[in-house]
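So the structure is just underneath, and the comments pick up after that.
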Amino acid sequence: MDTKSSKTQILLFLLITFILTYGVEIFLIMPMAGSIYVEQAYLAQILVAGVMFIPAIGALLTRLVTKEKFSKDNLMLSLNLKGNLKYYGLVWFGFALLIILGAVLYFAIFPKQFDGDMGYAQALFEAQAQNTGIEISMEQIKQVMLVQIIMGIFLSPFLNFVTCFGEEWGWRGFLLTKMLKCFPKIPALLLCGVIWGFWHAPLTIMGHNYGLGYRGFPFVGILAMCVFCVVLGIILSYVTIKTGSCVPAIIGHGTINGLASASVCFTSLQNPYNVFWGPMPTGLIGGAGFIALAAVLLYHLYKEEKQKNN
C-alpha cells in the first residue's frame, strides 16, 4: 500500500476513533460520572472500559471502508515467540519491576508520604465495610494487598488482555504500522504517542489518572497524559516493531493497568502524594524507569534507521 493510501487510512481511522470516543465520553460518561446514583456511576465505569475497544473498532471499520485485505502480516496478532521472548519478558516482568522501582524511588525521595500501615488502603476498605457491613482487620488488609500485587504481576496480562486488545490492536497494530509507511520511525513513534495522549483528554478532564482541581487543570493533566503516552508508546511500539506483532504491547498494557495503582495504597493520608511526580508510573518520578527505557530504545531505533539509510 502506498504512502497516499496509508495517509488516507490514518485520517479515516483518527476521525472514526476520536468522534466515537469523544462522543461516548462527553455525552454519556461525563453526565453519569458525577451522578449521586450508584447505578449511573457503575454504568459510567462500564462505559469507560467499553471505550477501550473503540480504537480496534476504528481500525476494523477503516480496513473495511478502504477495502484492505486481511492477512496474517497486517493483522499483527501472531505470537512470533521464536527469538522474541526477551521482548515479552520486558513488557511483562520488566514492566512490573519498573513500576515497583519507580514507587520505591518516589518514597525514598518523599519518605513522609509513605505509610507502612497502608492508611490509604485502610480508608478504602473501611468505606467498603460501610456498604457491605463486613469489617476487615489490618492483618487481612496486608494479606489482601500482597495477593493483589502478586496477581498483578503474574495475572494482569491475562485478566486485562481483552480490554487492552481493544486499544493496542488499534494504536500499535494499525496506526503505528500505517505511520511507519509515511514517516521515519522516530517521528512516527512520537506522533502516535501524542495522538494516544490526546485521545485520553475527556477522561483526564473527568479526573482519570490525575484527579481534579490541581493547578493548571485540566491542561496540565492532559499534557502529563501525553508525556506518559509518548513514553509508554515508545516502548510498546518498539516491541511491536521487533516482534512484528501487537501481542507484546497488549501484555505490557495489561501489566500497567493491573499493577500501576498498587503503590497508592502505601501512601499517607496525612501527607498526600503528588500524582504528577508519583508513586504511580504516570508521574515523572514513579515513571522514571519507563522514561529511561524509552529514551534508550528510541536511541537504538534512531541508530538502526541511520545505519540502514547510510
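The values are calculated or read from the model by the stated rules, or taken from the named source; none is laboratory data. Worth saying up front: this structure is predicted, and the values here are computed from it rather than measured. As a convention, Cβ positions derive from the backbone with ideal geometry for all residues, glycine included, and neighbour counts pool all protein chains shown. Side chains are part of the model used for accessible areas, which takes the heavy atoms of the whole protein and leaves out ligands, DNA and RNA. Shrake-Rupley method; radii C 1.70, N 1.55, O 1.52, S 1.80 Å.
Below 8 Å between Cα atoms, with a sequence gap of 6+, how large is the relative contact order for segment 219-310 in percent?
Numbers: 59 pairs, mean separation 24.9, N = 92.
For segment 219-310, the relative contact order is 27 percent.
Grouping the Cα pair distances of segment 131-200 into 10 Å bins from zero gives a pair-distance distribution of 16, 28, 23, 17, 12, 4 percent in increasing distance order.
Determine the relative contact order of segment 86-239: mean sequence separation of Cα pairs under 8 Å and six or more apart, normalised by residue count, in whole percent. List each step's numbers first, then the result.
Details: 85 pairs, mean separation 31.4, N = 154.
Relative contact order for segment 86-239 comes out at 20 percent.
Charge dipole of segment 1-106 (Cα centre as origin; +1 on each Lys and Arg Cβ, -1 on each Asp and Glu Cβ, all else neutral): 520 debye, rounded to the nearest 20.
Restricted to Cα atoms, segment 256-310 shows a radius of gyration and a Dmax of 16.6, 58 angstrom.
Length, then width, then depth: along the principal axes, the Cα atoms of the chain run 61, 42, 37 Å.
State, to one decimal in nm², a quarter of the convex hull surface area for the C-alpha atoms of segment 50-156, i.e. the direction-averaged projected area.
Working: hull surface 45.3 nm².
The directionally averaged projection comes out at 11.3 nm².
Dividing the Cα radius of gyration of segment 204-272 by its Kirkwood radius returns 1.08 for Rg/Rh.
Tell me, what % of the accessible area of segment 28-84 is carbon and sulfur with a 1.4 angstrom probe?
Details: 2570 of 3730 Å².
The nonpolar share, carbon plus sulfur, comes to 69 percent.
Put simply, the C-alpha atoms of segment 164-227 give a gyration tensor, and the ellipsoid matching it has half-axes of 27, 13, 6 Å, longest first.
A protection proxy built from the mean count of other Cβ atoms within 10 Å ranks the segments 53-63, 85-95, 244-254, most packed first, as 244-254, 53-63, 85-95. Across Phe183, Phe198, Phe161, mean-square fluctuation computed from a Gaussian network of the chain (C-alpha pairs under 10 Å connected) peaks at Phe183.
The charge dipole of the chain, taken about its Cα centre with unit charges on the Cβ atoms of Lys, Arg (+1), Asp and Glu (-1) only, comes to about 1480 debye. Compared with the dominant principal axis of the Cα atoms in the chain, helix 3-24 is inclined by about 30°. Quote the relative contact order of the chain in percent (integer), defining contacts as alpha-carbon pairs under 8 Å separated by 6+ residues. Rounded, it is 29 percent for the chain. In the chain, a dipole from Cβ-located charges (positive for Lys and Arg, negative for Asp and Glu) runs towards its positive end, and of Ile36, Pro281, Thr243 it is Thr243 whose Cα lies farthest in that direction.
The residue among Thr163, Val144, Pro187 whose Cα reaches farthest toward the positive pole of the charge dipole of segment 135-188, with charges on the beta-carbon of Lys, Arg, Asp and Glu, is Pro187.
In deg cm²/dmol and to the nearest 500, what is the mean residue ellipticity at 222 nm of the chain if only DSSP H runs of at least 4 residues count, each as -39500 (n - 2.57), divided by the residue total? Before the final figure, lay out each step's value.
Details: 17 runs with 207 residues, N = 310.
Helix-only estimate at 222 nm: -21000 deg cm²/dmol.
With Cα atoms defining each centre, segment 188-234 and segment 1-21 are spaced 21 Å apart in the structure. Using only Cα atoms, tell me the angle between helix 185-199 and the longest principal axis of the chain; keep it within 0 to 90° and round to the nearest 10. Rounded to the nearest ten degrees, it is 50.
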